[in-house]
1. For the condition part of a loop (DSSP other than H, G, I, E, B) and within 19 Å of MET388 (Cβ to Cβ), what is the one hit in GLY498, GLY494?
2. Restricted to the stretch 312-321, and to residues that are open to solvent by 70 Å² or more (accessible area, probe 1.4 Å) and free of Cβ contacts under 8 Å to residues at least 60 places away in the same chain, which residue is nearest to ASP287 (Cα to Cα)?
3. ARG250: surrounded by fewer than 22 Cβ atoms within 10 Å (Cβ to Cβ) and either under 23 Å from LYS364 (Cα atoms) or among the charged types (D, E, K, R) (or both), yes or no?
4. Taking the stretch 518-531 on its own, how many of its residues are part of a loop (DSSP other than H, G, I, E, B), open to solvent by 10 Å² or more (accessible area, probe 1.4 Å) and not charged (D, E, K, R)?
5. In the stretch 133-177, how many are open to solvent by less than 50 Å² (accessible area, probe 1.4 Å), at pLDDT 85 or above and under 18 Å from PHE73 (Cα atoms)?
6. Looking at ASP453, is it part of a helix (DSSP H, G or I) and within 23 Å of VAL523 (Cα to Cα)?
Amino acid sequence: MVKFFGKSVYKGIAIGPVMVLRKEEQQVKRNKVEDPAGEIARVGQAVEKAKQQLQKLYDKAVVEVGEASAAIFEVHQMMLEDDDYQEAISNLIKTEQVSAEYAVAVTGDNFSEMFAGMDNDYMKARAADVKDISNRLIQCLSGDGENDFNFSEPSIIVADDLSPSETVQMDKEKILAFVTVHGSANSHTSILARMMNIPALIGVPLELDKIKSGTRAVVDGIKGEVIFDPSEAVCEETEQKLEQEKEKMRLLQELKGKENVTLSGKKVNVYANIGGVGDVGYVLENDAGGIGLFRSEFLYLGRDNFPTEEEQLQAYRQVLQTMGEKKVIIRTLDIGADKQVDYFNLGKEDNPALGYRAIRICLKQPDIFKTQLRALFRATVHGNLSIMYPMITSTEEVKKIYEIVEEVKKELEAEQIPFKNPEQGIMIETPAAVMIGDELAQMVDFFSIGTNDLTQYTLAIDRQNEKLDDFYNPHHKAILRMIQMVVDSAHKYGKWAGICGELGADLELTEEFVKMGLDELSVSPSMILPLRKCIRELS
């Protein structure tokens with residue numbers, strides 16, 4: 001029996017045989033060619049083939065993990081078409097008369113190193129994506145088929161690392177757990193594992209050559225450990241835990257259709273956070289009371305130009321019609337910081353989290369904002385829509401927002417386009433907004449607390465900096481006191497207050513949140529029923 005520890009990215013439990021994925025490094029030799037133009041044409045054909053493969057992966061991912069998580073494959077398609085990337089490959093072929101495979105391999109390495117050396121965490125993460133698309137392109141050029149990720153029996157997948165495309169190609173029904181030597185908690189693969197509810201450990205110090213496929217193993221995502229060749233006692237204990245988990249899931253299913261009411265009669269709305277139209281199915285499947293956060297910026301990601309008013313309207317209408325009478329709170333675009341989009345031309349910033357992002361972009365570039373607002377107001381006739389504005393720090397910003405809203409409403413009236421007046425609220429995610437909460441509460445219809453940003457701004461900690469994990473404490477008294485201040489400010493003026501950040505799903509704090517008087521908690525769809533169970537047991 002051998003035990004290793006790693007970082008858990010999904011806290012489930014699994015037991016079963018191991019399938020070790022040993023990926024062969026693609027060895028590409030430098031070969032001189034006589035027909036550079038022919039090689040460049042081959043690259044073009046390979047790009048088209050790779051795009052078709054990525055489209056299939058996108059379609060599969062949308063069904064299995066939702067539109068937001070599938071967006072990575074649209075990003076990969078865009079990267080394949082990137083002018084700088086393609087130009088670098090063509091130039092290498094022409095100037096050095098090398099094969100298409102070699103030019104792609106060298107360009108992939110160069111671009112990957114360039115991204116890895118950048119200060120921005122989002123751009124650093126693109127290094128792995130460039131590697132992924134370059135390997136795919138070489139595979140298409142060499143005529144090799146895609147790797148076979150089908151297994152004869154349900155298995156625990158052990159690998160050095162996994163790309164998003166490899167993860168999605170696998171048969172979900174046959175994956176018991178993921179265990180990788182490398183990877184990060186914010187990688188696309190980790191996100192996919194969480195969306196697929198598959199136990200996953202990363203950063204496990206394994207020597208893959210010493211592990212044989214077929215070896216029995218136990219993965220405990222709660223403890224963050226993997227045990228190879230477990231003893232009978234460990235196996236029995238794990239089987240008991242699995243039975244307990246199944247029983248918990250059965251009990252949770254019984255909660256569908258029940259109200260989120262404490263034993264003393266206090267009701268709390270439990271809504272869902274989603275990133276795209278494709279995620280609505282998860283909202284309904286988990287019986288959410290509504291959508292507390294629709295991240296509209298995902299309409300802007302994975303493309304090379306702004307979504308039109310009609311494109312946005314279609315997405316909003318589809319969500320509203322599917323949700324029926326249930327509330328749908330759509331956040332206006334929150335681009336910037338870790339969500340960079342080339343066509344916005346935001347430029348490099350030393351500290352993007354404190355930079356040009358979210359409502360600041362909307363107020364500085366009102367044409368972008370007005371297009372979204374027109375689509376949102378037109379969508380109001382299709383359901384129960386509320387609009388939420390992010391990153392507010394002052395009453396002046398709210399006044400400017402309302403001025404632009406009035407312009408949009410007058411335009412729609414002049415064009416005889418019907419609309420309703422929706423509820424309009426703001427996200428409280430800056431200490432400044434907390435401190436002037438009583439003034440803001442008189443201007444808006446509701447508050448939704450974005451605890452992720454509020455925590456990093458209050459503690460002065462970059463939440464994406466792994467070195468600061470030990471200092472990042474979302475349970476800090478300062479954060480909890482700020483949440484209470486926000487609730488008090490809202491209730492003083494008859495407005496409701498909720499949480500749409502990750503802290504809303506922290507069951508250790510649910511009782512405290514109810515005592516604080518929070519009216520709503522918006523969480524990932526998979527946390528709806530566990531949160532309901534917790535609320536219903538509170539006295």
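The values are calculated or read from the model by the stated rules, or taken from the named source; none is laboratory data. Keep in mind the model is a prediction, meaning the values are calculated, not measured. Note that each Cβ is placed from the backbone with ideal geometry, even for glycine, and that neighbours are counted across all protein chains shown. Each accessible area value is taken on the protein alone, full model and side chains, heavy atoms only, with ligands, DNA and RNA left out. Shrake-Rupley method; radii C 1.70, N 1.55, O 1.52, S 1.80 Å.
1. Numbers: GLY498 fails: part of a loop (DSSP other than H, G, I, E, B).
Every option except GLY494 fails the conditions.
2. First, pick out the residues of the stretch 312-321 that are open to solvent by 70 Å² or more (accessible area, probe 1.4 Å): 314, 317-318, 321.
Narrowing the set further to residues that are free of Cβ contacts under 8 Å to residues at least 60 places away in the same chain leaves 314, 318.
Values: GLN314: 24, GLN318: 18 Å.
Within the stretch 312-321, the match that is nearest to ASP287 (Cα to Cα) is GLN318.
3. So ARG250 passes the test.
4. Initially, the stretch 518-531 is screened for residues part of a loop (DSSP other than H, G, I, E, B), giving 518-519, 524.
Then drop every residue that is not open to solvent by 10 Å² or more (accessible area, probe 1.4 Å), which leaves 519, 524.
In the following step, the residues that additionally are not charged (D, E, K, R) were identified as 524.
Within the stretch 518-531, residues that are part of a loop (DSSP other than H, G, I, E, B), open to solvent by 10 Å² or more (accessible area, probe 1.4 Å) and not charged (D, E, K, R) number 1.
5. 7
6. Numbers: part of a helix (DSSP H, G or I): yes; within 23 Å of VAL523 (Cα to Cα): yes.
Spelling it out, ASP453 is indeed part of a helix (DSSP H, G or I) and within 23 Å of VAL523 (Cα to Cα).
Yes or no, residue by residue, for (1) closer than 29 Å to GLN318 by Cβ; (2) open to solvent by 30 Å² or more (accessible area, probe 1.4 Å); (3) under 26 Å from the mean Cα position of the chain (by Cα); (4) among the hydrophobic types (A, V, I, L, M, F, W, C):
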{"residue": "ILE361", "(1), (2), (3), (4)": "yes, no, yes, yes"}
{"residue": "LYS399", "(1), (2), (3), (4)": "no, yes, no, no"}
{"residue": "VAL405", "(1), (2), (3), (4)": "yes, no, no, yes"}
{"residue": "VAL408", "(1), (2), (3), (4)": "yes, no, no, yes"}
{"residue": "GLU413", "(1), (2), (3), (4)": "yes, yes, no, no"}
{"residue": "GLN424", "(1), (2), (3), (4)": "yes, no, yes, no"}
{"residue": "MET427", "(1), (2), (3), (4)": "yes, no, yes, yes"}
{"residue": "THR430", "(1), (2), (3), (4)": "no, no, yes, no"}
{"residue": "ASP438", "(1), (2), (3), (4)": "no, yes, no, no"}
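Yes/no per residue for (1) assigned to a helix (DSSP H, G or I); (2) farther than 20 Å from PRO164 by Cβ; (3) in contact (Cβ under 8 Å) with a residue 24 or more places away in the chain; (4) touching a helix residue (DSSP H, G or I) at 6+ places or on another chain (Cβ under 9 Å):
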{"position": "PHE4", "(1), (2), (3), (4)": "no, yes, yes, no"}
{"position": "GLY16", "(1), (2), (3), (4)": "no, yes, yes, no"}
{"position": "VAL28", "(1), (2), (3), (4)": "no, yes, yes, yes"}
{"position": "ALA37", "(1), (2), (3), (4)": "yes, yes, no, yes"}
{"position": "ILE40", "(1), (2), (3), (4)": "yes, yes, yes, yes"}
{"position": "VAL43", "(1), (2), (3), (4)": "yes, yes, yes, yes"}
{"position": "LEU54", "(1), (2), (3), (4)": "yes, no, yes, yes"}
{"position": "LEU57", "(1), (2), (3), (4)": "yes, no, yes, yes"}
{"position": "LYS60", "(1), (2), (3), (4)": "yes, no, yes, yes"}
